[in-house]
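Asker: Before anything else, here's the structure in question.
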Amino acid sequence: MKFFIPAANDHTRAEDVYHKIAQFAQAPITQKRIWKLSWVENGVKMESEVGRPLPFPYLTGQELVLAIFDCENLYKICTLTHGAVKGTPVLVVKNSQCSVVYFSPDINSN
């Protein structure tokens, strides 16, 4: 999957928005960008994907995931009101039950 940010009209805008979200969420900007994250929480398999809403337990309604960041010992999942422009990101602790799918490596293509 090619890197994108929901509602960004082009690659340049997507990069700009990604950098602003990272800054607000205090997350690192890396060349490897996460598209999907799967994990187990309280025995229930969860999945987050850029461009789709978070699972029901997070009560974010239909807000789309805008970005997922790898922050050393945890992941930060950002929606509009959770880490992108206000609020705090949804935090997922890294462990052996986490699985990541990255966007295709060519993030500089238009």
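The values are calculated or read from the model by the stated rules, or taken from the named source; none is laboratory data. Quantities reported herein were computed from a predicted structural model and do not represent experimental measurements. The area values use the complete protein model at the heavy-atom level, side chains included, leaving out ligands, DNA and RNA. Shrake-Rupley method; radii C 1.70, N 1.55, O 1.52, S 1.80 Å.
Asker: Sorted by accessible area (1.4 Å probe), largest first, how do LEU64, LEU54, LEU80 line up?
Answerer: Details: LEU64 65, LEU54 15, LEU80 95 Å².
Accessible-area ranking of LEU64, LEU54, LEU80, largest first: LEU80, LEU64, LEU54.
Asker: Run the accessible area of the stretch 42-107 with a 1.4 Å probe and give the carbon-and-sulfur part as a rounded percent. If you can, show how the numbers build up before the last one.
Answerer: Numbers: 2090 of 3750 Å².
The value for the stretch 42-107 is 56 percent carbon and sulfur by accessible area.
Asker: How many Å² of accessible area per residue for the chain, probe 1.4 Å? Working shown, then result.
Answerer: Values: 6430 Å² over 110 residues.
For the chain, the solvent-accessible area averages 58 Å² per residue.
Asker: Additional query: Explain nothing, just the number: relative contact order of the chain, from Cα pairs under 8 Å at least 6 residues apart, as a whole percent.
Answerer: Numbers: 207 pairs, mean separation 34.0, N = 110.
After rounding, I find 31 percent.
Asker: To continue, here is another question. Pairs of lysines 8 or more apart, or on different chains, with alpha carbons under 13 Å: count those in the chain, would you? It would help to have the intermediate numbers written out before the result.
Answerer: On the way: LYS2/LYS32; LYS2/LYS36; LYS20/LYS86; LYS36/LYS76; LYS76/LYS94.
For the chain, the number of qualifying lysine pairs is 5.
Asker: Just checking my list [x] 216; [y] 93; [z] 146 against volume of the Cα convex hull per residue in Å³ computed from this structure; which label fits?
Answerer: It is the value labelled [y].
Asker: Also, quick follow-up: Ignoring ligands and nucleic acids, what accessible area does LYS20 show with a 1.4 Å probe (Å², nearest 10)?
Answerer: The value for LYS20 is about 120 Å².
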